[in-house]
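The values are calculated or read from the model by the stated rules, or taken from the named source; none is laboratory data. For clarity, every value in this text was computed on a predicted model and none was experimentally measured. Glycine also receives a Cβ, built like all others from the backbone with ideal geometry; neighbour counts cover every protein chain displayed.
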Amino acid sequence: MDIQWYPGHMAKTKRLISENLKLIDIVIELVDARIPVSSRNPEVDGLIGGKKKIVVLNKTDLADPEINKLWEQHYKDAGQPYVFVDCIKGKGIKELITKIKQVMKPVMDRDKKKGRMNRQIKCLILGIPNVGKSTLINTIGGKSTAKTGNIPGVTKSNQWIKVSSDILLLDTPGILWPKFDDEVIGLKLAWIGSIKETIYDREEAALKLIEYLREAYPEKLHDRYKIEFDENTTDLEIMDKIALKRKLLARGGEIDYARTSEMIMDEIKKTTFGKISFEWPMEQL
């Protein structure tokens with residue numbers, strides 16, 4: 001299942017980021033805590049060069065708490081500054097501001113010795129579509145300073161946001177990368193809603209999701225749909241059971257796979273299944 005999505009404005013955004021880097025002190029890379037690897041652009045490190053960076057894992061409230069702990073240890077071991085946040089509820093925002101100042105302290109102290117007093121820290125917000133950049137900016141800025149939405153690609157132009165007297169944020173539209181090297185990346189992005197629904201097969205994506213859930217979270221799959229299955233039950237048979245349970249049938253009593261797939265994909269995006277992570281440092285299903 002080869003999912004690719006790279007709208008023209010994303011290429012333009014990449015050029016704008018390169019042009020604005022000379023103004024930036026530190027990069028805030030926002031990722032989805034459920035898929036910290038698949039929701040980050042692998043071109044970012046090369047794009048920002050030697051700029052300081054903080055990884056911000058958003059939607060941490062939607063991710064598996066035990067898997068969050070593994071990612072926390074992973075970033076500690078790698079020496080990578082990080083913060084877990086829930087942008088909608090504002091959790092972790094104070095920690096993020098503190099982390100920005102902490103990471104920038106050596107630079108600010110050096111500048112003070114050179115007589116450059118009270119200068120602002122300029123931060124660049126980077127992240128793929130629908131990962132929560134605008135919500136983060138609205139929350140950290142204390143008001144609705146950036147246009148938000150749950151449709152991938154809602155932010156279309158750069159804008160500076162004043163956080164405080166000493167911190168400025170540069171928002172950019174979400175950028176993906178020209179080609180996903182692994183089709184699983186595209187699938188995971190589709191599952192969390194970062195890929196437009198019109199460019200992938202929802203039925204196939206739903207089947208792959210069932211395959212993942214039965215391996216990683218079989219109890220959640222069982223509890224949500226009240227269906228029975230074992231290792232001999234195929235993914236398609238599980239989908240059939242779900243459709244029958246929810247009475248998603250077409251004329252003649254046939255399974256309506258389109259509606260069933262749509263329902264499953266929508267429920268995973270709405271976190272109806274509860275807290276779920278789709279990847280972690282030490283093991284991938």
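Filtered by the rule that a residue be surrounded by fewer than 16 Cβ atoms within 10 Å (Cβ to Cβ) and either more than 26 Å from the chain's Cα centre (by Cα) or hydrophobic (A, V, I, L, M, F, W, C) (or both), the stretch 274-283 gives a lone residue, Met282.
Identify all residues within the stretch 75-93 that are β-branched (Val, Ile, Thr) and either at pLDDT below 95 or farther than 18 Å from Ile35 by Cα (or both); write none if there are none.
Filtering the stretch 75-93 for residues β-branched (Val, Ile, Thr) gives 83, 85, 88, 93.
Across the stretch 75-93, the qualifying residues are Ile88, Ile93.
Among the residues in the stretch 171-181, are any modelled with pLDDT of 85 or more and not charged (D, E, K, R)?
Residues of the stretch 171-181 modelled with pLDDT of 85 or more: none.
No, that holds for no residue.
For (1) touching a Cys at 6+ places or on another chain (Cβ under 9 Å); (2) closer than 15 Å to Val55 by Cα, each residue gets a yes or a no:
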site	(1), (2)
Tyr75	no, yes
Gln80	no, yes
Lys91	no, no
Glu95	no, yes
Ile100	yes, yes
Asn118	no, no
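When we screen Ile227, Ile242, Ile210, Ile238 for residues that are outside any helix (DSSP H, G or I) and of a type in the set (A, V, I, L, M), the only hit is Ile227. In the set (1) surrounded by fewer than 22 Cβ atoms within 10 Å (Cβ to Cβ); (2) in contact (Cβ under 8 Å) with a residue 12 or more places away in the chain; (3) over 23 Å from Asp166 (Cα atoms); (4) charged (D, E, K, R), Asp77 fails one condition alone, (2).
When Thr271 is tested against (1) modelled with pLDDT of 95 or more; (2) hydroxyl-bearing (Ser, Thr, Tyr); (3) outside any helix (DSSP H, G or I); (4) closer than 29 Å to Val31 by Cα, only condition (1) is not met.
Which of the residues belonging to the stretch 83-111 are among the basic types (Lys, Arg) and surrounded by 18 or more Cβ atoms within 10 Å (Cβ to Cβ)?
Lys99
Within the stretch 208-265, which residues are buried (at least 16 other Cβ atoms within 10 Å of the Cβ), more than 26 Å from the chain's Cα centre (by Cα) and under 18 Å from Leu187 (Cβ atoms)? Asp235, Ile238, Met239, Tyr257, listed by residue number. In the set Ile26, Ile54, Ile67, only one residue is buried (at least 20 other Cβ atoms within 10 Å of the Cβ), in the same structural domain as Lys105 (by TED's automatic domain parsing), more than 16 Å from the chain's Cα centre (by Cα) and not polar (S, T, N, Q); that residue is Ile26.
Considering only residues in the stretch 250-285 that are touching an Asp or Glu at 6+ places or on another chain (Cβ under 6 Å) and without any contact (Cβ under 8 Å) to a residue 40 or more places away in the chain, the one that is farthest from Asp64 (Cα to Cα) turns out to be Ala250. Listed by position, the helices (runs of 4 or more DSSP H) contained in the stretch 1-108 that have at least 1 residues being within 15 Å of Gly127 (Cβ to Cβ) are 8-20, 44-48.
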